[in-house]
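Have a look at the structure below before the remarks.
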Amino acid sequence: MKKTLLVSILFLSVSISAVAQKTINNYKYVIIPLKFDFLSEKDQYRLNTLTRHLFKQKGFIALFDKEEFPEELIDDRCKALFADVEKEKSGLFSTRVNITLKDCLGKDVYKTETGSSREKDFKKAYNEALKSAFSSIEFLDYKYKPAEAKVEKGDDEMKELAVNVDKVKTETQTEDIKVSTKNGETALKDETLYAQEKEYGYQVVDATPKVVMQLMKTTATNVYIVKDQNAIVYKEDGFWYYSENNGELKEPKTLDIKF
């Protein structure tokens, strides 16, 4: 009963604090590949260099994918957009390209209108078409602003909610939650985790609620890749396990996850 009440309160707190949908204004970094797929060489026609230059002019911190990243970007690549230039099917006398910006999960954040050029020289044609496509981004009036959580309830309601969460957490901490380990023995588990569904899979939080890990979908049933870890989370015989392999396969750990 107490655990059920705690879960209800936690999900209520999540529902009243919604993260705003991200736009390009929520990113200050753009990562550009040194080679675009439709070309045969790195920085062919200086197209990659031009792409970086255009984003820098717009106010982004633009980086090539092979150069050294700032520390905050090394810690969290999701702070950056990933730019790609794609060639579209062109007419006999035209070159057509567009620019796509994706997030760290490969989801499209923005795609430009198609830019085109009727220049015969390839370098001139691609550079002109790229600048034409980039004009779509020019109109967006980019200004970096970190994404923040929006709180829709008043301060008094939030304070009351926090008191209720603390009260139930204190009561729940006095209970031992028993789970079965893989070898059949019984062990004590002092923390229950909660899985929140996302487009990429699940975000796993503790009772704080603090994000513990992110589980990425796979094609296998009840098997997830742990983001930024050499590990998977999987279900077997009715129980969830965390299995890590950093060059040496470790004994799976039992997890108490509520989906």
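Coordinate-derived values only; no laboratory data. Here the structure is a predicted model, which is why all the values come from computation and not from measurement. No Cβ is skipped: glycine too gets one built from the backbone with ideal geometry, and neighbour counts run over all protein chains shown.
Express in whole angstrom the spacing between the alpha-carbon centres of segment 198-248 and segment 87-137.
Each part's Cα centre sits 38 Å from the other's.
Within 10 Å of each residue's Cβ, count the other Cβ atoms and sort 204, 211 from fewest upward. Kindly include the intermediate steps, with their values, before the conclusion.
Working: 204 23, 211 11.
Least crowded to most crowded, the residues run 211, 204.
How would you rank 116, 40, going from fewest to most other Cβ atoms within 10 Å of each one's own Cβ?
Working: 116 19, 40 8.
The most exposed by this proxy come first: 40, 116.
For segment 24-138, compute Rg over Rh where Rg is the Cα radius of gyration and Rh is the Kirkwood radius from the inverse mean 1/r over Cα pairs.
0.97
May I ask you to evaluate 6.51 cos²θ - 1.76 cosθ + 1.60, the Karplus curve with θ = phi - 60°, for each residue of segment 67-83 and list the ³J(HN,Hα) values in order in whole Hz, giving x for glycine and proline?
Result, rounded to whole Hz: 8, 6, 8, x, 4, 5, 7, 5, 5, 8, 5, 6, 7, 10, 9, 10, 8.
Which GluC sites (Glu not before Pro) does segment 109-145 hold that lie in a coil by DSSP with at most 16 other beta carbons within 10 Å?
Numbers: sites: 113, 119, 128, 138; in loops: 113, 119.
Passing sites in segment 109-145 are 113, 119.
DSSP loop chymotrypsin sites (Phe, Trp or Tyr not before Pro) in segment 35-134 with at most 10 other Cβ atoms within 10 Å of their Cβ, which ones? List each step's numbers first, then the result.
On the way: sites: 36, 38, 45, 55, 60, 64, 82, 93, 110, 122, 126, 134; in loops: 36, 38, 60, 93.
Answer in residue order: 93.
Multiply the residue separation of residue 218 and residue 56 by 0.36 nm, subtract the distance between their alpha-carbon atoms, and state the gained length in nm to one decimal. Provide the component values of the computation, followed by the final result.
Details: separation 162, 0.36 × 162 = 58.32 nm, distance 3.62 nm.
Extra length available between residue 218 and residue 56 comes to 54.7 nm.
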